Every structure is written in structure tokens, then in C-alpha cells.
Amino acid sequence: MKLWRTPLDADKVRVPHGVVSIIIERCKGCSFCVEYCPRDVLIISKKFNKKGYHYPEVISAGLCVDCNLCEDICPEFAIYSDPEEQHSTAQTKENA
Amino acid sequence: MSTAVTNTAPTGERQVQHHPKDTLLRDDRLPHIWCPTCGIGTAVSCFVEALRESGIPEEKCVVVSGIGCTGRVAGYLNLDSFHTTHGRAIPFATGVALANPDLHVVVFSGDGDLVAIGGNHLINAARRNMNLTVICVNNFIYGMTGGQCASTTPETARTSTSPRGNTEYPFNVPYLMEACGASYIARWTVLHIRRLKKAMTEALNKNGFAFVEVIAPCSTLYSRRNKLGTGYDLMKFYHDNAEIRHGANTKDVGIGFQTKIIVGKFVDITKPTFLEKYQGKTTGGGK
Amino acid sequence: MSDHAVLTGEHFMTGDEAAAEGGLAAGCRFFGGYPITPATEVTERMAERLPEVGGVFIQMEDEMASMNAILGASWAGVKSMSSTSGPGFSLMMENFGLGIMTETPCVLVNVQRGGPSTGLPTLVGQQDMQQCKWGSHGDFEVIALSPSSPQEAFDFAIHAFNLSEQYRLPVFLMMDESVGHMFEKVVIPPADQIKLVERRYTTKKPGDYLPFLPDEDLVPPMIKFGDGYRVHVTGLTHDEKGYPVMEQSCHHPLVTRLVDKIKKNAHKIYMYDEHYLDDAEVVMVSYGITARIAQQVVEECRADGKKVGHLRLITCWPFPEAKIRELADRGVKGFIVPEINLGQMSLEVERVAGRGVPTICVPNAGGAVHKPEEIHAAVREVIK
């Protein structure tokens, strides 16, 4: 983001950072989350779930701002984000 | 990115089994029956958020659905829920709401169920200002039975029972509802998730007959028959062609085939409900 | 306020009004109805009376709406009732089936008139007797009571509520125009002398409770909306949890149970009156208004020395098969079934009595009750 001047509270502002969670077996591959993610955090996986759908996967995890748009627009209750502080790196499961 | 941001290292995604909305869903029944890119799931997702925001105790909320794709909503919400016969969700809900006024009764059903076969109940409940929240998912077609023409199908749109294009005039549902006296009328598409959620919250907390029309993609039938692409293509269409016009004259909000879709909050008025007037009269209070 | 619910004392009222008062005495506090001759007076009485007892009356937009509204009120925990006649009864049938499938207690009064179609709105008929048994699609068993007087309209309305609560289904009060519009003395007892069967609610906690897991009597205990059980109730075939299951393996046991909960308890539900059956050679089988003419004919025959008896059905459904079979096996010469239709309950008598014993229907397509002579003629046919 380009700013014409540094905001006065710039040192206090902290852009939130989220962690995306996916319930792979609920996904039906509509792509809404991928298309509407404002930070392009997601892509459609090349892999299939058990029902044969391509589910989303995270490619730019660092960009997620925990806006929850993916959660709200997902018709399948298959994806959500929550604030990073809730997860320690140890709990995070690596991509399958 | 602002200079103040300190991004932590990428953490990737987590693969999980449960969703924060699961407590309000019958998650043992998921994945649901709706097709890929169907908008009903998104409408339900917005409803779950709206119910939480409304402050209504979950155990006091009853959801009633009729028959059809949207008719299945009752079966996925972890609330007291009833799945009635075709068209009859509103009279059933009327019975619940009058028998126990402490309950918040929501009718969640489709355009075919509410406006066509249940049309008489819809207009009469709105006329009475019955204390109900009615969420009408309008996908312009009968989905459950395989894509037949509805009373909301835009003119010229093809369906399996209008294979040469629909020759009937469709209902302008918000206009109909306003004419009947509904207290709250809003329309959003499932692309307008935040506004839809807000409208549902307002409708839930409205004392009186509140009606929210939700325009939703049906890619399997409506879109395929009319060569409109995928559900995502329909979402793009909403993005490009939905015009927010709060307080619009509902006479002007009819929907043509692939024409502009006017969305917004059209009506929000306050007047006594059926029960308030009835009890006012019958207990001598008067309203 | 609720003191007004039971109008203890002697009254002069119509069968329609008595049915409404019976409902109120049974605890009915919600009525959704639509005007139709000759049942309108039930609706009007409820419109007047329900607010006096803290209940709600609503005139719905049609009978489909009425039927659903009373189902809804019942699930909200309130005893509910509606009334109608032939055309409206036809409109209610689909949603009566919803009441059967979802096991919803409520009472439906049908003040029968002459049909088919609009037929004879103001004149008597008994032509919906098979419709109430078979009128909704699918397999099911029903309970239908037939009063022969305003007093019975009152009494049986209470009993209909008791049966509906006990067996969890919509119960019919199958009146006819003559009983509905007849003024007679109705004695309403003190409230504490009216026996009521109240709804059996589950004692289990949410989470442990399965809404369609039956007790030993095949009837599942109920809950009401708002109690925190978060049940799902559907007209679709469902499992014990209430979830839809589209499989024969679920459908067969469910529908069988819905039928069996009435069939296997039928011996407790049957009600009939008998007169001179001990030595009867000819047995009159009748119900509703027709039973009053039939009884007169029986008395006249007895005075003539003819051994005619009378079995008056109070529950037309379930049909008292055992009693008919017992009489047939004993060797009566025939059954005579006068009814204001062209042969409906007589089919049932014929089915149970079998070929050995003739069943003679005294038909009457409606519009007036039988003339005693028409029934005498049938008696002479059997006792030549």
C-alpha cells in the first residue's frame, strides 16, 4: 500500500495476521474463497479430496489479514481464518 | 503494506475437522446436499453469524422450512427446526409464533416454496404483520425437482418447463411484500455477505414481519440452461450488475433476465404486530 | 381466567358449539380455522371464547394453513384444534399426513356435509368416513370418533384430545351437519371431574434424547420448541434422531411403527355402544346422526318381536373388528349398515364379516337423514 505520508499512529497500527484452516472433505471446489480473497492467499490445489473436488490451499500464508471473507462466502463451512496469536507454530500442521 | 507492520513468518494452513460455525450446524450431516457453487450454503453461513450477532438465545430460535433446495436449511441448523410440506412453512411458523411468543421464529425457504405454492400464506402473513423473519433464497428456478420454471423466473430465461424461454411475467417480490404491508424488506445477493448478514440481523430483531430476499446462484440448473457459466460467473455478474439503492421504490426493483439487480434495504417501518393488536383488543388494552 | 375454560352447568347448545367447548375443557388454547358451512360455528365459538381463557384464535387464509398452524402450535407446546367440512377436509389431507409423520398431537373436527365437491354445504352427509382413513397419501392408521349428539360432541372432543396426546397423532372428530347444527342439552361437568391425558414429555436431557425413539407403547415422548433440545422434525422419512434417511431400511420400520402404535393399541382405543346384541339375529351397525334413527328402528323391531340388535360405533377408526367378527362367528343372519353415503363403513363391516354373513348397506347420498322405513325395509330383507 502506497501512502502519501506516514500516518501519525503508524507505530501503533498493526495489521492483523490470520491463519487459514480448511476442512478438506467438506469442500466442493466452488473457488469462491480463492477468487474473493482480497490478499490472494489461496490457490486451488491440484490435489483431490475424497469426493473428487479440488480444494483450496494456502500459498501466501503471510498475507492473510484474518478478514474472514473466505469463511463468510464459503457455502460449505469448509474454511475459516482466525488470529495468528491463537496458534503457536508448534500446533500448526504442515501442508499435507 | 504499512511500515508499522511486522509480519511473522508464513505458517501455512491448518487442516482441521471442525468449523467455528459448527455449534449452530448439525455438523454430523455435513457436507450438505447443495451443489458446488450453490448460494444457499453462503446464505446459511450469513444467517449463523446474524443469529449470533442478534443476541437472540439460540434455544429460543425456531427455524421452519418448506420443500425444495432451500427447504433443507432447517435440517442443517442446530436449532429447533421443522421441515414442513411444500409451501406451508409460514402457516406452521405462524402457529409456533402465536402459541409461544417468546420464540423467535424464522422461515428459511426458497422462492418456489414461499412465493408460488405458498404465495397465499406469504401475503397473508405479511398483511397481518405476523412476527416472523422470512428469508427467501431466490435462485429463479425450482432446483430440487430439476430446474423448472418458477414464479420468479425472469422473462425469456430457459428452464426445463420453459424450454423456449419463459413467457410469463415474474413476481417482483419486494414490491409484493411492500404492498402487503411487511415491516422490513431487504434484498441482497450472496456476494454481499456483510450486508446480507446485517440485513438478517436487523430482520431477526425486527418486531413484525421481516422479509429478506437473497439472490443466489444455481449453477447446476439455472445457469447451465441459460449458458451463464459457473456459479462463480454468476457471482461476477452480481458484482458487476448489482446496484445498491437503499429505500428504492420497490416498484422499480423487478428483475429481468441478466439485467441490473437492485439491492438494499427497501422498507423498515414500525407498526403493531398481529399478536400485539389481538392481545390489545382481547385484554381490553386497545392499540 | 381459566375458570371460564370449563363452563360447568347445563347448557342448550349446538353440536358445533359443544365441540368447541369440549376442546376448551380439554385444554385447547390455539385454534386456526377457516370458515366453512356447516363447521363455521366451531370456529366462531373459538374466536369468541379463546381470548377469555388466554388462548389465541386465528382465522387462517385457507385450510392448508389452518392445519399447519395447529401443528406448529402443538410443537410450541399448546393443545390445538381446527374444524372444517368436506372441501376444506380435502385441502387438509396432505398436512394431516405431515401430522401423522411428525407425530403431532392435535384435534381436527369435520362437520360432514354432502359431497362430492361443493355438494350440499348446508345439508347432512357422512361421506368422509373413508377419506379420513385413506385421504392422505401413504400408509397410516387414524383415530376417528363419531358423536351422535351435542353432548357427545363435547365429551368426544375431550376424548379426542386425550387420544391425540396419548398416541401422538392428529385425531378426527367426525361429526355430521345434523349433529353439528342440532340444539340439545349439554351438561358440562366440573373441571375436576374431567379426565385429561397430558402430553408425555421426555425426562431425558438434551443430548441424551432421541426425538423419535419410541417407548414400549411405540409412542416417543415429546419435547416442545424452546426447551433447548434442538430437535429436527421433518415430514421426510427419518431415523430416531429425526434426521432424514432416504432408505427402505429406515422407511419400513418407521411407517410400520406409525401404523402399529394404533393397531397394537386398538383394543384400548375401540369404543362402541351395544343394544340387544345378546340374542340379535340381525345387527344394525351405525354411527353419528344415523345411529339415532337406527336405534328407533331397532326399538320398533323389538316391539314387533324381531330380534334386531344395534352396534353403534363411537370409534369408526380404529374399526372394532373383533366385535364384528365375534357377531359373525356367532351366526347372526346379517348386518345392516345405514349411513349417509353410498356405502363406506359398510365396506369395512363386509370385509370383517366375510362372505358367510350378508352385509346390507342402506345407502343415502346425503341431504337428509334416513327415513325409518328405509331401514325397516332392509331388516325385512334379512328376516323374511
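The values are calculated or read from the model by the stated rules, or taken from the named source; none is laboratory data. The model shown is predicted, which means the values in this text are computed figures rather than measured ones. Cβ placement follows ideal geometry from the backbone for every residue including glycine, while neighbour counts extend to all protein chains displayed. Heads up: the accessible areas ignore ligands, DNA and RNA and are worked out on the full protein's heavy atoms, side chains in. Shrake-Rupley method; radii C 1.70, N 1.55, O 1.52, S 1.80 Å.
Give the range C:64-87 a look and list any residue that's more than 27 Å from C:Y201 (Cα to Cα), open to solvent by 10 Å² or more (accessible area, probe 1.4 Å) and touching a helix residue (DSSP H, G or I) at 6+ places or on another chain (Cβ under 7 Å), or say none.
Matches in the range C:64-87: C:M64 only.
Among the residues in the range B:205-215, are any in a helix (DSSP H, G or I) and either modelled with pLDDT under 95 or farther than 20 Å from B:D252 by Cα (or both)? So that I can check it myself, show each step before the final result.
Residues of the range B:205-215 in a helix (DSSP H, G or I): B:205.
Adding the requirement that they be either modelled with pLDDT under 95 or farther than 20 Å from B:D252 by Cα (or both) leaves B:205.
So far as the range B:205-215 goes, yes, one or more of its residues are in a helix (DSSP H, G or I) and either modelled with pLDDT under 95 or farther than 20 Å from B:D252 by Cα (or both).
Sort out which residues of the range B:238-254 are surrounded by 19 or more Cβ atoms within 10 Å (Cβ to Cβ) and either polar (S, T, N, Q) or within 14 Å of another protein chain (Cβ to nearest Cβ) (or both), and write them in order of number.
B:Y238, B:T250
Need pairs with beta-carbon distance below 7 Å; first residue away from every other protein chain (no Cβ under 11 Å) and within the range C:233-249, second open to solvent by 80 Å² or more (accessible area, probe 1.4 Å) and in a loop (DSSP other than H, G, I, E, B); sequence gap 6+ or separate chains.
C:T237/C:M246
Only one of (1) closer than 29 Å to B:T230 by Cβ; (2) open to solvent by 10 Å² or more (accessible area, probe 1.4 Å) is not met by B:E178, so which one is it?
Just one mismatch for B:E178, condition (1).
Can you pull out every residue in the range B:102-126 that is buried (at least 24 other Cβ atoms within 10 Å of the Cβ) and farther than 22 Å from B:K206 by Cα?
B:G112, B:D113, B:G118
Looking at the range C:88-122 only, could you name the residues that are part of a helix (DSSP H, G or I), open to solvent by less than 50 Å² (accessible area, probe 1.4 Å) and touching a helix residue (DSSP H, G or I) at 6+ places or on another chain (Cβ under 9 Å)? Spell out how you get there, then give the answer.
Here is the first cut: in the range C:88-122, the residues part of a helix (DSSP H, G or I) are C:88-101.
Still in the running and open to solvent by less than 50 Å² (accessible area, probe 1.4 Å): C:88-89, C:92-93, C:95-101.
Correct list: C:G88, C:F89, C:M92, C:M93, C:N95, C:F96, C:L98, C:G99, C:I100, C:M101.
Take the range B:59-82 and flag every residue that is open to solvent by 10 Å² or more (accessible area, probe 1.4 Å) and within 8 Å of chain C (Cβ to nearest Cβ).
If the condition is that a residue be open to solvent by 10 Å² or more (accessible area, probe 1.4 Å) and within 8 Å of chain C (Cβ to nearest Cβ), then B:E59, B:K60, B:N78 are the ones that fit.
For B:Y142, work out the one condition from (1) under 20 Å from C:L91 (Cβ atoms); (2) among the aromatic types (F, W, Y); (3) open to solvent by 10 Å² or more (accessible area, probe 1.4 Å) it doesn't fulfil.
That leaves (1) as the condition not met.
For the range B:216-232, name all the residues that are within 14 Å of chain A (Cβ to nearest Cβ), outside any loop (DSSP other than H, G, I, E, B) and open to solvent by 40 Å² or more (accessible area, probe 1.4 Å).
Scanning the range B:216-232 gives B:T220, B:Y232.
In the range A:1-39, which residue that is out of contact with any helix residue (DSSP H, G or I) (no Cβ under 6 Å at 6 or more places or on another chain), under 18 Å from A:N68 (Cα atoms) and of a type in the set (V, I, T) is farthest from the other protein chains (Cβ to nearest Cβ)?
A:V34
Which fully enclosed strands (runs of 3 or more DSSP E) of the range C:219-290 have 2 or more residues being surrounded by 19 or more Cβ atoms within 10 Å (Cβ to Cβ)?
Per the criteria, C:232-234, C:282-286.
Please state which of the following conditions C:T203 fails to meet, knowing it meets all the rest: (1) away from chain B (no Cβ under 14 Å); (2) buried (at least 16 other Cβ atoms within 10 Å of the Cβ); (3) over 30 Å from C:N110 (Cα atoms).
(2)
Filter the range B:127-154 down to residues that are part of a strand (DSSP E or B) and among the charged types (D, E, K, R), then give me how many there are.
Summing the residues that are part of a strand (DSSP E or B) and among the charged types (D, E, K, R) in the range B:127-154 gives 0.
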